[in-house]
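Following: one structure in structure tokens, then a few remarks.
The values are calculated or read from the model by the stated rules, or taken from the named source; none is laboratory data. Values in this document were obtained by computation on a predicted structure and should not be read as measured data. Note that each Cβ is placed from the backbone with ideal geometry, even for glycine, and that neighbours are counted across all protein chains shown. Note: accessible area is taken over every heavy atom of the protein model, side chains too, but ligands, DNA and RNA are not part of it. Shrake-Rupley method; radii C 1.70, N 1.55, O 1.52, S 1.80 Å.
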Amino acid sequence: MGKLDGRVVLVTGAARGQGEQEARLFAAEGASVVVADVLDEQGKALAEELGALYVHLDVGEEENWGAAVAAAKEAHGRIDGLINNAGILRFNALVDTPLDEFMQVVRVNQVGCFLGIKTVAPAMEDGGTIVNTASYTAVTGMAAVGTYAATKHAILGLTRVAALELAHRHIRVNAICPGAIDTAMSNPAQLDPNADVEGMSRALDELYRKLVPLGRIGRPEEVARLALFLTSEDSSYITGQPFVIDGGWLAGVSVI
Ligand code: NAD
């Protein structure tokens, strides 16, 4: 018995990184996964490997959402899980951030999450689940990522309100708040075919050894296990909550 037997779960930004690991784990736990991304080649290859459906979904485009839900329903007759995972990050001091850049991040991270809830929840089976991907920066500040942090704080607001508004249908809505996770977002070497990816991962571990109590960067597979918990019956009495997964980073600072 898988933890997601019979469930149909759409994962955005699933072509790589945390979304990819969520798609892999959910498929292994019996879900029919809908792999959604703008990276069509990678997304299709993953979907083929998993026997899953691939849909091109730019999360900032409302029409794309309608088409993705229709495709999921046509293929599987239902949809009862959503992982709003797609996200982008830009580095800039707030005073140096062009408005275009601010709006680009809002469009993907915040509008994408809103449109996911707005489009999928009405089409979803009662008893469904939504997991929104926020961040460590949803619950604390971090210099140089102000735009990103603003959108991730907003995702917690969306999560709480959606949980309240959808509870009567037993649709549970929660958020995950990862710290530093070893994907292309934190480790862009993964996108460079000539880079020493393992060397870079070791360097990141060294950096986070000093910053994070558990002494290393997190792995996307670890985030996927939290997303599974929040998507499965194991979390049946939990809704409207942020879940920090950060190796203890947020616990405080050490003075020795
Ligand atoms: P990633 O860059 O490897 O993956 C992001 C995915 O989102 C990619 O597949 C990308 O193609 C997709 N995407 C980007 N724009 C999109 C759009 N408009 N429509 C659909 N898909 C789009 O990074 P990741 O770490 O796997 O990121 C997953 C989520 O985790 C993001 O929301 C990110 O903000 C969040 N997060 C990451 C970290 C980290 O350290 N890696 C920490 C906290 C939160």
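One table, with the values for the structure above:
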{"quantity": "Charge dipole magnitude, Cβ of K and R +1, D and E -1 - region 1-111, Cα centre, debye nearest 20", "calculated": "360 debye"}
{"quantity": "Principal-axis tilt of helix 220-231 within the chain, Cα atoms, nearest 10 degrees", "calculated": "40 degrees"}
{"quantity": "Spatially proximal lysines relative to Lys152 (Cα-Cα < 24 Å; intrachain offsets below 8 disregarded)", "calculated": "Lys118"}
{"quantity": "Residues Glu74 and Ile256, FRET efficiency given R0 of 51 Å [Cβ-Cβ distance, rounded to 0.05]", "calculated": "0.30"}
{"quantity": "Cα-centre dipole for the chain with unit charges at Cβ (Lys and Arg positive, Asp and Glu negative), debye to 20", "calculated": "740 debye"}
{"quantity": "Scattering profile of region 121-240 at q = 0.13, 0.18, 0.23 Å⁻¹ [log10 I(q)/I(0), Debye over alpha-carbon scatterers]", "calculated": "-0.63, -0.99, -1.26"}
{"quantity": "Intensity falloff of the chain expressed as log10 I(q)/I(0), Debye formula with alpha-carbon point scatterers, at q = 0.17 Å⁻¹", "calculated": "-1.37"}
{"quantity": "Rounded Å value of the spacing that divides the Cα centres of region 15-31 and region 35-100", "calculated": "13 Å"}
{"quantity": "Simple spin-label estimate for Glu198 and Thr140 in nanometres, 7 Å along Cα-Cβ", "calculated": "3.2 nm"}
{"quantity": "Residue-span extension gain [Glu41 to Glu125] - 0.36 nm each, minus C-alpha spacing", "calculated": "27.2 nm"}
{"quantity": "Dipole-positive endmost among Ser236, Gly116, Val55 within the chain (Cβ charges, Cα centre)", "calculated": "Ser236"}
{"quantity": "Backbone N within region 23-46 under 18 Å of label point (7 Å from Leu214 Cα along the Cβ vector)", "calculated": "25"}
{"quantity": "Hydrodynamic radius (Kirkwood) for region 10-74, which is based on Cα pairs only, to one decimal in Å", "calculated": "11.3 Å"}
{"quantity": "FRET efficiency, Ala28 to Ser236 (Cβ-Cβ, R0 22 Å, nearest 0.05)", "calculated": "0.60"}
{"quantity": "Ranked packing of 47-57, 158-168, most packed first, by mean Cβ within 10 Å", "calculated": "47-57, 158-168"}
{"quantity": "Model label zone, Arg169; criterion: amide N under 15 Å from point 7 Å along Cα-to-beta-carbon; scope region 71-99", "calculated": "73, 78-83"}
{"quantity": "Cβ-placed point charges (K, R +1; D, E -1), dipole of region 62-119 about Cα centre in debye, nearest 20", "calculated": "200 debye"}
{"quantity": "Hits among aspartates and glutamates - C-alpha to C-alpha of Lys3 under 15 Å, sequence gap 8 or more where chains match", "calculated": "Glu22, Glu29, Asp80, Glu233, Asp234"}
{"quantity": "Residue among Ala149, Ala14, Ala123 with the largest mean-square fluctuation in a Gaussian network model of the chain, springs linking Cα atoms under 10 Å", "calculated": "Ala123"}
{"quantity": "Sequence-distant residues sharing a close amide H with Ile88 (under 5 Å, placed H)", "calculated": "Asn109"}
{"quantity": "Ser135 accessible area, assembled protein chains, probe 1.4 Å, Å²", "calculated": "10 Å²"}
